[in-house]
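The values are calculated or read from the model by the stated rules, or taken from the named source; none is laboratory data. Quantities reported herein were computed from a predicted structural model and do not represent experimental measurements. Please note: Cβ atoms are built from the backbone with ideal geometry, for glycine as well, and neighbour counts cover all protein chains shown.
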Amino acid sequence: MTNKNLKLLIEKLNKNKTAGLIHLRPLSNIVDFAKVWTEQPKPMDKISYPDGPYKFYFIKNLEGLFVATVLDMGNDLHWFVDNNHRQQGHLTKAMKEIILFHLFQDREEQRITINENEIVEKDFKASENVAFSLGFVKNKNSEYILTSSKYQADNFIFEQNTQLTEERLRELQKQINYLSRSLWVIHSEIEMNLGNDYAEELKELVDEIKKHTWRLEDAWWESKNTIV
């Protein structure tokens, strides 16, 4: 993703115009972990279309405004700070206090690339300074490495549940019901044309998806009773 893409995501969050494609889970008062879909799946998407959402961290200032983000690509990180909020320490503070501890709960090292040939010198120096302040060590060329030893916590940083509204719950139930009925249409065609064991297997999946319209509501009530 480009910096332009990351800036757009921050703007969408601040305007609350995420179109149901950005899903947040708070880690602290200044950092939200997120799963981000770039677009809604469509019936005519290619079978080989990339699967799954991107993993992000979104960083807020003390007023609750989103000002920066970190894209977790596993073997690399891509961070971006909005121009109006640079040189204020938001990224470094969030990385040192929350994000790196959360990342190192499931990995032993983190690599990043900062290529001075791909960004302007000012941004290169700023990113490199952030990396060094966090403990990254330059390895070779544009690669920097940080091991988990500096960011091992006695207690895990847990993601915090938030509550779906009842209106949103009903919308999600309808979507699950739509998916089950759409798959049922596909099952009917396969059953009438192939009439084999696979059709029976597919119908079992239809029934299982349908059950989740009510399982979701049960989970919602359980969550509602546990969130204080």
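Data for the structure
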item	result
For residue 66: the one exception among (1) modelled with pLDDT of 95 or more; (2) over 23 Å from residue 143 (Cα atoms); (3) more than 16 Å from the chain's Cα centre (by Cα)	(3)
Pairs where the first residue, in the stretch 208-227, is assigned by TED's automatic domain parsing to the domain that holds residue 171 and the second is β-branched (Val, Ile, Thr), C-beta under 6 Å, 6+ apart	212/176; 213/176
Residue that is part of a helix (DSSP H, G or I), under 25 Å from the mean Cα position of the chain (by Cα) and more than 29 Å from residue 14 (Cβ to Cβ), where the choices are 179, 100	179
Residue within the stretch 36-59 that is closer than 30 Å to residue 185 by Cα and not in a loop (DSSP other than H, G, I, E, B) present	yes
Filtered residues of the stretch 130-167 (kept if over 26 Å from residue 28 (Cβ atoms) and part of a helix (DSSP H, G or I))	166, 167
Residue within the stretch 112-132 that is of a type in the set (A, V, I, L, M) and surrounded by fewer than 17 Cβ atoms within 10 Å (Cβ to Cβ) present	yes
Output for the stretch 153-180, where each listed residue is farther than 30 Å from residue 57 by Cα and in contact (Cβ under 8 Å) with a residue 12 or more places away in the chain	177, 180
Residue in the stretch 32-47 that is in contact with a helix residue (DSSP H, G or I) (Cβ under 6 Å, 6 or more places away or on another chain) and not assigned by TED's automatic domain parsing to the domain that holds residue 172 present	no
Test: residue in the stretch 115-129 that is more than 30 Å from residue 213 (Cβ to Cβ), in a helix (DSSP H, G or I), charged (D, E, K, R) and in contact with a strand residue (DSSP E or B) (Cβ under 9 Å, 6 or more places away or on another chain)	yes
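Residues checked against (1) farther than 24 Å from residue 164 by Cα; (2) under 16 Å from the mean Cα position of the chain (by Cα); (3) surrounded by 16 or more Cβ atoms within 10 Å (Cβ to Cβ); (4) in contact (Cβ under 8 Å) with a residue 24 or more places away in the chain:
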site	(1), (2), (3), (4)
9	no, yes, yes, yes
44	yes, no, no, no
55	no, yes, no, no
72	yes, yes, yes, yes
77	yes, yes, yes, yes
84	yes, no, no, no
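Quick grid of which residues meet (1) out of contact with any His (no Cβ under 8 Å at 6 or more places or on another chain); (2) over 30 Å from residue 226 (Cα atoms); (3) at pLDDT 90 or above:
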site: 109; (1), (2), (3): yes, yes, yes
site: 128; (1), (2), (3): yes, yes, yes
site: 135; (1), (2), (3): yes, yes, yes
site: 139; (1), (2), (3): yes, yes, no
site: 154; (1), (2), (3): yes, no, no
site: 157; (1), (2), (3): no, no, no
